[in-house]
Amino acid sequence: MSKLHRVLSNSLSKQANGLAADIKHAAYKQFDGTGNYAKGWTVKKNSDLSYTVYNRTQPTLTHLLENGHLLVKSDRVVGY
């Protein structure tokens with residue numbers, strides 16, 4: 001592995017982990033510190049230069065909060 005490749009891989013890892021930490025912090029603040037939603041944020045390494053930040057415990061809730069959803073009385077919750 002070249003030096004450039006190691007530097008890029010290390011940098012991407014730090015960025016992905018930092019992003020997950022930022023999302024956890026924001027989720028704790030948004031949802032009054034309950035922690036159920038925030039605890040699920042994690043990083044998955046796909047390859048040397050590819051990472052995915054996702055919510056392991058409640059992925060469907062993430063989709064609903066980002067995109068909004070319909071309520072029973074045909075009202076709509078707007079996504080963030």
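Listed by first and then second residue, the pairs linking a residue in the stretch 3-19 that is assigned to a helix (DSSP H, G or I) to a residue that is open to solvent by 90 Å² or more (accessible area, probe 1.4 Å), with Cβ atoms under 9 Å apart and 6 or more places separating them unless they lie on different chains, are SER9/MET1; SER13/LYS45; ALA16/LYS44; ALA16/LYS45. If you go through the stretch 16-32 and pick out every residue that is open to solvent by less than 80 Å² (accessible area, probe 1.4 Å) and modelled with pLDDT under 90, you end up with 5.
Per-residue answers, yes or no, for (1) at pLDDT 85 or above; (2) not small (Gly, Ala, Ser):
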site: SER9; (1), (2): yes, no
site: LEU12; (1), (2): yes, yes
site: VAL43; (1), (2): yes, yes
site: TYR51; (1), (2): yes, yes
site: HIS69; (1), (2): no, yes
site: VAL72; (1), (2): no, yes
site: TYR80; (1), (2): no, yes
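The residues on offer are GLY40, GLY35, and the sole one that is surrounded by 12 or more Cβ atoms within 10 Å (Cβ to Cβ) and on the phi > 0 side of the Ramachandran plot is GLY35.
The values are calculated or read from the model by the stated rules, or taken from the named source; none is laboratory data. This is a predicted model, so every value here is computed, not measured. With ideal geometry, Cβ positions are generated from the backbone for all residues, glycine too; neighbour counts draw on all protein chains shown. The accessibility values were calculated without ligands, DNA or RNA, using every heavy atom of the protein model including side chains. Shrake-Rupley method; radii C 1.70, N 1.55, O 1.52, S 1.80 Å.
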